[in-house]
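One structure is given below, encoded as structure tokens.
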Amino acid sequence: MNETFLNLPTVDTSVTTTHPAYAPTPSIPRLLAELVSEEFFARYAAVRGDAEAFHPDYLADRRRTALLLRAVIADLVALADPADAHHAAQAAAAANAVRRADRERLLPAPDARAWLRDRYQEHLENDSSAHPPNCPGGCRGAGWVVKPIVWQDDGVPLHAEPVDCLRGEADDPHADDCLRCFGTGRRYDADRREYSLCFAYTPDPAYAPAPPGSAPAFDEAPF
């Protein structure tokens, strides 16, 4: 691995800046956590001396994913300050490092960064098998976790099912105009006296925000 692409600039990871180049914009703290995970498993066999315990393709994928994560972090840093040519050059070089690992020809800086964003969405966001073995979401690389989806009205879980792993990040809350859950994320069944997870956000076209203090009880979080 070429250490040239490891010298990334210092960045404040306490806040994630949303940028239209990524949809959704990945959080840098999450990327850093996954990068450490990928590097650990990529180097584990060499440190322990038991490479035969891991398939070569598995180790190669861990190293390649680590390169991709480094490039995305560099690209996000560059996007935060578009006027900084140095950060932009670092991001393009990191993106081309991934292409070099894929045995593909190098691209001009803007094209390399555009290719990187598409590849990140394809490989890390849309491919559940790309989750690292110690994924922050707790899926252990499976891409899914078992979580409660039905609760009693007092909050006691009743039923759990496999759901997509969110890599340790909170699920996007539904807006207040959701006809199913009114923004709570859970639907109430009065006959069974239980809540169930609201999977589909269904906006109300006639919705008008209620004045402060006038929201009905079902607009409040169930528990």
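The values are calculated or read from the model by the stated rules, or taken from the named source; none is laboratory data. Computed from a prediction, not measured in an experiment: that's the story for all the values here. Neighbour counts are summed over all protein chains in view; Cβ atoms, including those assigned to glycine, are modelled from backbone coordinates with ideal geometry. Accessible surface areas use protein heavy atoms only, side chains included; no ligands, DNA or RNA. Shrake-Rupley method; radii C 1.70, N 1.55, O 1.52, S 1.80 Å.
Quick notes on this one:
- Phi-based couplings in Hz for region 80-91 (Karplus 6.51, -1.76, 1.60; Gly and Pro marked x): 5, 9, x, 7, 8, 5, 5, 5, 5, 5, 4, 5
- Trypsin sites (Lys or Arg not before Pro) restricted to DSSP loop in region 155-205 with at most 13 other C-beta within 10 Å: Arg192, Arg193
- Accessible area per residue, Å², region 136-198 with all protein chains present, probe 1.4 Å: 64
- Placing R0 at 22 angstrom, the Cβ-Cβ distance between Asn134 and Glu169 gives a FRET efficiency of 0.90 after rounding to 0.05.
- Between the amide H of Arg186 and those of Cys198, distances stay under 5 Å, these residues lying 5 or more places away or on another chain, with hydrogens modeled in the peptide plane.
- Between Ala200 and Asp102, the simple spin-label model (points 7 angstrom out along Cα→Cβ) gives 3.5 nm.
- Between Val36 and Glu122, the modelled labels are 3.1 nm apart [label points 7 Å from Cα along Cα→Cβ].
- Summed side-chain charge close to Ala78 - residues other than Ala78 whose Cβ falls under 12 Å, Lys, Arg +1, Asp, Glu -1: -1
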